[in-house]
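Bear in mind these aren't lab numbers, they're just calculated from the coordinates by the rules spelled out. Keep in mind the model is a prediction, meaning the values are calculated, not measured. Positions of Cβ are backbone-derived with ideal geometry, glycine not excepted, and every protein chain shown enters the neighbour counts.
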Amino acid sequence: MRKSFLYLLLIFVFGMAGGIFSDQIFWPYFIEKPLFYQYRLERPPVYVTERKEVVIQENTALQEAVDKVSRTVVGVRTKLRSGGVLEGSALVVTNDGLVVTRSSLIPSGENLSFFIDGQPQAFQVLRRDAQADLALVKLEANNLNTTGWADFAKLKPGQRVFLISYRGAGSNYQKSVNEGVVKSFDENQIQTNLIEKSGAAGSPLFDIEGNLVGLVSSGSGSPVEAVPVSKVKTLVGL
C-alpha cells in the first residue's frame, strides 16, 4: 500500500514538473522558431462577432414625410377686382375642415376660392389675426388628412425643414416641394435658406418628421420666412 502511494506521488510530481517545463520552456522555444512564427501562436485568439446596422437615409425619411403630409395642403386662389390674382396654400388643421392660411392672401371683399385635389370647396372665414397675418377658415369638407405640431421650444438653427406649396386650380393644379434648413428664428418669425420664386404664401413648413413648424409668410425670390407654429396654434385655439 505504501509503495503504491509513493508510486502515485512520484507520477504526480513528475507530471507537474513536465507541465511546468512544457509551459515555461518547451512551448515558448518552439513558437519562436521560423516554422511557427508566421502563425503568431503566442497571441490570444480573436473572436469576431458579426454586427449589422440599419441606416435610415435622410432622403428616405424626407420622402416618407412628404407622402405623409402632402394631402394636408390645400389650394388658395383670389381674383382681385383690380384684375390681379393671388395664389397660395393653406394647411388642414382638423379633419372636419378647419384650415389656416395667410390673411393677406384672402383679402375681404374679393373673390376667394379654396381647392382640395383641384376641386373647389365651399368655405367660411372664421377669424383673422392681422398682426401675425393668419386666417382661420372652415371648409365644408370632412375626413381630411391632418398632421402633428412641432415643439417650437425644441427648434434649432440648422434643423432640416421642407415646405409643400399648392400651385394652380382645377385639373391644372400641382404640389411643389422645397427643402432647406432653419437659419434663425424668434417668437415672431422663422428664417430659412429656402428660395421660392412665387406661390409659396400660406404654404406649411414641416420638420423632417412631417410636423408643422410654421406657415410661410414671404419668399418671392428671397429666403422663405414663416410664422412660427406657436402663433398658428394660438389662432386655432390650442
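Extending 7 Å from the Cα toward the beta-carbon at both residue 159 and residue 95 defines two label points whose distance is 2.6 nm. With 24 Å as the limit, the listed pairs 79/231; 138/197; 138/231; 156/231 have 79/231; 138/197 beyond it between alpha carbons. Placing dummy labels 7 Å off each Cα toward the beta-carbon, the span from residue 142 to residue 117 is 1.7 nm. Couplings 3J(HN,Hα) for the range 93-102, derived from phi with the Karplus relation 6.51 cos²θ - 1.76 cosθ + 1.60 (θ = phi - 60°), are 10, 9, 6, 9, x, 6, 10, 10, 8, 6 Hz, where x marks Gly and Pro. With the contact rule set at Cα under 8 Å and sequence spacing of 6 or more, what percent relative contact order holds for the range 117-238? Result for the range 117-238 is 23 percent.
For the range 130-238, trypsin sites (Lys or Arg not before Pro) are listed when DSSP marks them as loop and at most 12 other Cβ atoms sit within 10 Å of their Cβ; the list is 197.
Multiplying the residue separation of residue 81 and residue 151 by 0.36 nm and removing their Cα-Cα distance gives an extension gain of 21.2 nm.
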